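Colleague: Mind looking over this structure? Questions follow.
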Amino acid sequence: MSYRPVSIGIIGLGHVGPHVANSLILQGVADQLLLCDTNEEKLAAEVQDLNDSTVFAPHRAVVVNCHADYERLAQCDIIVNSAGQVTLSAISRTGELFKAIDDVRSYVGRIAAAGFTGFWVNVSNPCDVVTREIHRLSGLPASHVMGTGTVLDSARLRTVISLKTGLAPESIQAYMIGEHGNTQIAAWSSISFAGKLLSELGAARPRDHAEQGGEAGKSQTSAGSGIYDLDAAEVEAKAREGGYVAYRGKQCTEYAIGNAAARLVRAILHDEHVVLSASVQLNGEYGQDGLFISVPSVVGAEGAGDIFELSLNDQERAGFKASCDAVRDNYAKLAPMSVQAARTVPVVIPRHQGDDRFE
């Protein structure tokens, strides 16, 4: 009986990359991890720590220091891109735009030229713009490239609803869609519990939280509202801004986004056909074309598959369109770079409009 080891590449070992690696190790997903980062000292430290961590994993995994030898990742089944500079995202997830694009332009083409035919999972922000650039430079089918997008934001949405209703997040179907950024929206009219729409439950079961007990119940009871009578604006804001809460306290986000990336990796490797709100290419769905943005889609062994078009109300449709327009505005800020130029070593990065790092 033959067995082909699962090999995962990770580029960028700042905050998120190591957590992706450790999550894959502890879940027993990877047999081999090939890690790249230009910071040699930090990378060596992470390789040491992660190799030590594998002792406690379901099975042994080998962690390899590839430094900036990106071509070695061509052998991988999946590459996770988490390169960036989180301090540039202090105000907005688009703050890393030029740095993140420069990063992927320096290695995606090289990896493609070395023969990579696997899958890319992008974490770096602005996620949708970077994911599109990876797709353009990689030469791979669009289904082979996806971003974590609002996978995490959707989890945050379910968490907030769970805390408000007392129901487990696993029993809640709810998605944040659009840009992984400030313009994302909650597909509120599609939120459901075991197939029952939230709007229907709010009308049919006006039970007070007092029945559930606890402080949450007291606050809801005083307002005279039922368990499913949620403040849409408040819930959506908490889902959208959860990352900034983490950032303000520790100047990074790491655990949840690391697990979100690992979730996509696992879904591909195990052919799960799970529906996740990843950043995928739209080709007419939702009336949009030619951009990567987050919507519920099936993820399995072929990568990003069927896209589920939610029934959005007029306000949600307008919000989603505005989010798509915001992503396109970021595309327009980028300097042109040919695919061929990205595959030539050394890679010469063109200057971007509005990037004051060059002033």
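Throughout, read-outs are computed from the coordinates displayed, never taken from laboratory work. Bear in mind that the values here come from a model prediction, so they are computed numbers and not experimental data. Neighbour counts run over all protein chains shown; Cβ positions are idealised from the backbone, glycine included.
Colleague: With the calculation restricted to Cα positions, what are the radius of gyration and Dmax of the range 10-158 in angstrom?
Modeller: 14.9, 41
Colleague: Right, another one. When only Cα pairs under 8 Å and 6 or more residues apart are kept, what is the percent relative contact order across the chain?
Modeller: Values: 723 pairs, mean separation 62.9, N = 359.
Reported as a whole number, the value is 18 percent.
Colleague: Specify the angular offset, from 0 to 90 degrees and rounded to the nearest 10, of the alpha carbon long axis of helix 232-250 from the longest principal axis of the alpha carbons in the chain.
Modeller: Helix 232-250 sits at roughly 40 degrees to that axis.
Colleague: A follow-up question, please. Restricting the count to DSSP beta bridges whose residues both fall in the chain, what percent are antiparallel, rounded to a multiple of 5? Each step should come with its number before you reach the end.
Modeller: Numbers: 21 of 42 bridges.
Here the antiparallel bridges make up roughly 50 percent for the chain.
Colleague: So which lysines pass the test for K164, namely a Cα distance under 30 Å, with those fewer than 8 places away in the same chain ruled out?
Modeller: Filter leaves K196, K218, K238, K250, K321.
Colleague: Ok, one more. Cut-off 15 Å, label point 7 angstrom out along Cα-to-Cβ of A68: give me the residues of the range 1-37 whose amide nitrogen falls inside.
Modeller: 12-13, 36-37
Colleague: Something else about it: Could you check which residue among S171, S106, S82 shows the biggest mean-square fluctuation in a GNM of the chain with a 10 Å Cα cutoff?
Modeller: S171
Colleague: Additional query: Taking only Cα atoms, what is the 0 to 90° angle, nearest 10, from helix 255-269's long axis to the longest principal axis of the chain?
Modeller: With rounding to tens, the tilt is 70 degrees.
Colleague: In the chain, if the dipole is taken from +1 on Lys/Arg beta carbons and -1 on Asp/Glu beta carbons about the Cα centre, which of G242, A21, N313 is farthest to the positive end?
Modeller: A21
Colleague: Helix 97-113 versus the longest principal axis of the chain: what is the Cα-based angle in degrees, 0 to 90, to the nearest 10?
Modeller: 50
Colleague: Cα extents of the range 241-345 along the three principal axes, largest first, in whole Å?
Modeller: Projected onto the principal axes, the Cα atoms of the range 241-345 cover 46, 36, 34 Å.
Colleague: Please build a GNM for the chain, connecting alpha carbons under 10 Å apart, and tell me which residue among Q251, Q32, Q75 fluctuates the most.
Modeller: Q251
Colleague: Turning to a different aspect of this structure: Compute the relative contact order of the range 1-119 as a whole-number percentage, counting only Cα pairs closer than 8 Å that sit 6 or more residues apart in sequence. All intermediate terms of the calculation are to be shown ahead of the outcome.
Modeller: Values: 192 pairs, mean separation 34.6, N = 119.
Taking the mean separation of contacting Cα pairs over the length of the range 1-119, I get 29 percent.
Colleague: Could I ask something else about it? For a quick check, take a GNM of the chain with Cα springs below 10 Å and name the residue from N330, N125, N259 with the largest mean-square fluctuation.
Modeller: Looking only at N330, N125, N259, the largest GNM fluctuation is found for N330.
Colleague: Full extension from S53 to Y247: what is 0.36 nm times the residue separation minus their Cα-Cα distance, to one decimal in nm? Write out the running numbers ahead of the final one.
Modeller: Working: separation 194, 0.36 × 194 = 69.84 nm, distance 2.58 nm.
Contour length minus Cα-Cα distance gives 67.3 nm.
Colleague: On full extension of the chain, what length is gained from R60 through R317, given 0.36 nm per residue of separation minus the C-alpha to C-alpha distance?
Modeller: Working: separation 257, 0.36 × 257 = 92.52 nm, distance 4.77 nm.
87.8 nm is the gain from fully extending R60 to R317.
Colleague: Taking the Cα centroid of the range 297-311 and of the range 1-69, what is the distance between the two, rounded to the nearest whole Å?
Modeller: When both Cα centres are located, 28 Å separates them.
Colleague: Give me the extension gain from A335 to F308: residue separation times 0.36 nm, minus the current Cα-Cα distance, reported in nm with one decimal.
Modeller: Values: separation 27, 0.36 × 27 = 9.72 nm, distance 3.30 nm.
Length gained between A335 and F308: 6.4 nm.
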